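Structure record follows, encoded as structure tokens.
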Amino acid sequence: MSAPAPPSPTGRGPGEGRPAEPPPPGSYSTLERLLLAPLRRLGGHLVWPVIKTLAAARVHPNALSLSQIPLGFVVAFLIVPFPRLALALFIGTLVLDFLDGELARTRGLASDFGALLDQVCDHVRELTVVGGLVAVGALRGDIGVAYAAAYPLANVLLYLADRFRTPLPFSIKTWMVYYPFLIAYLGWGLNLLDYAAAAAAAFLTLASAQALWRLRPAISRSNSP
């Protein structure tokens, strides 16, 4: 029998939150939460030493969220001279995006504001990297603009749908369509980003329309006396 995980400063182990409370809202569909839940639990155990160290140092989870913004600019700057380093840093920002939530739950600091700030930092990082790809000619400008508009719109509407407890049953997100091709480009120079970003923008637009459709009755109910 394996030894139990060491207790956190708040008495919770890796991947654990406040069981009596629902998780803060996020830009996830119901199926996406189900698919990611076991990966999050596994990831929580893998990064537990890091989380424990950050919690002991009293690092605030919002600091991890905000660090994605300058790192996004560094990734964009490194796309041409050092693409594999840019890839490593980009993956590092995704890890930070995971660590901030785990740290917030471990320290008992999970909140709606923290979840919203995480969304904002994620959007700034994403659009900065897309702008860098357009600037170096790796991504067509019109497709980049379409993606840059669809990405925050879909995530904000999915966030609101989750906030009003009417999440989409299923949505196709960036990490499913676009990220594999971004990794292929930065890691091996295979550029299919125009197709991937166009497809991602289309799926995100569809998710936005679905979220709007579900939000209308939910908002009406919340405004009713």
Just to verify a result, which residue in the stretch 59-80, among those that are among the small types (G, A, S) and buried (at least 16 other Cβ atoms within 10 Å of the Cβ), is nearest to the chain's Cα centre (by Cα)? S65
From the list L46, L96, exactly one residue is aliphatic (A, V, I, L, M) and within 16 Å of the chain's Cα centre (by Cα). Which is it? L96
Contact list, first residue from the stretch 58-71 and in contact (Cβ under 8 Å) with a residue 24 or more places away in the chain and farther than 17 Å from L89 by Cβ, second anywhere and β-branched (V, I, T) and assigned to a helix (DSSP H, G or I), beta-carbon distance below 9 Å, six or more apart or interchain, is V59/T53; P61/T106
Condition broken by A56, with the remaining ones in (1) under 28 Å from L190 (Cα atoms); (2) surrounded by fewer than 12 Cβ atoms within 10 Å (Cβ to Cβ) satisfied: (1)
When residues of the stretch 113-148 are filtered for being in contact with a Ser or Thr (Cβ under 9 Å, 6 or more places away or on another chain) and aliphatic (A, V, I, L, M), how many remain? 4
List the residue pairs whose Cβ atoms are under 9 Å apart, where the first residue sits in the stretch 165-179 and is within 17 Å of H123 (Cβ to Cβ), the second is among the β-branched types (V, I, T), and the two are 6 or more positions apart or on different chains. none
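Within the stretch 88-193, considering only helices (runs of 4 or more DSSP H) that don't extend past its boundaries, which have at least 2 residues that are among the acidic types (D, E)? Don't jump to the end; show me each part of the working.
Details: elements: 112-135, 141-163, 174-177, 179-188.
Here the list reads 112-135, 141-163.
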Being more than 16 Å from A76 (Cβ to Cβ) and more than 16 Å from the chain's Cα centre (by Cα), is that true of even one residue in the stretch 122-135? no
Counting just the residues of the stretch 130-147 that are in contact with a helix residue (DSSP H, G or I) (Cβ under 7 Å, 6 or more places away or on another chain) and surrounded by fewer than 22 Cβ atoms within 10 Å (Cβ to Cβ), which one comes out nearest to L158 (Cα to Cα)? A146
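Here is a yes/no grid of residues against (1) within 21 Å of T174 (Cα to Cα); (2) not in a helix (DSSP H, G or I):
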{"position": "Y28", "(1), (2)": "yes, yes"}
{"position": "R33", "(1), (2)": "yes, no"}
{"position": "H45", "(1), (2)": "no, no"}
{"position": "P49", "(1), (2)": "no, no"}
{"position": "V59", "(1), (2)": "no, yes"}
{"position": "S65", "(1), (2)": "yes, no"}
{"position": "Q68", "(1), (2)": "yes, no"}
{"position": "G72", "(1), (2)": "yes, no"}
{"position": "F77", "(1), (2)": "no, no"}
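Return the residue satisfying two criteria in turn: it lies in the stretch 1-48 and is modelled with pLDDT of 80 or more and of a type in the set (S, T, Y), and of such residues it is surrounded by the fewest Cβ atoms within 10 Å (Cβ to Cβ). So that I can check it myself, show each step before the final result.
Start the filter on the stretch 1-48 by keeping residues that are modelled with pLDDT of 80 or more, which leaves 26-48.
Imposing the further condition that a residue be of a type in the set (S, T, Y) reduces the set to 27-30.
Numbers: S27: 26, Y28: 21, S29: 21, T30: 13.
Filtering first and then ranking leaves T30.
The values are calculated or read from the model by the stated rules, or taken from the named source; none is laboratory data. Note that the structure is predicted; figures quoted are calculated from it, not measured. Note that we place each Cβ from the backbone using ideal geometry, even for glycine, and neighbour counts take in every protein chain shown.
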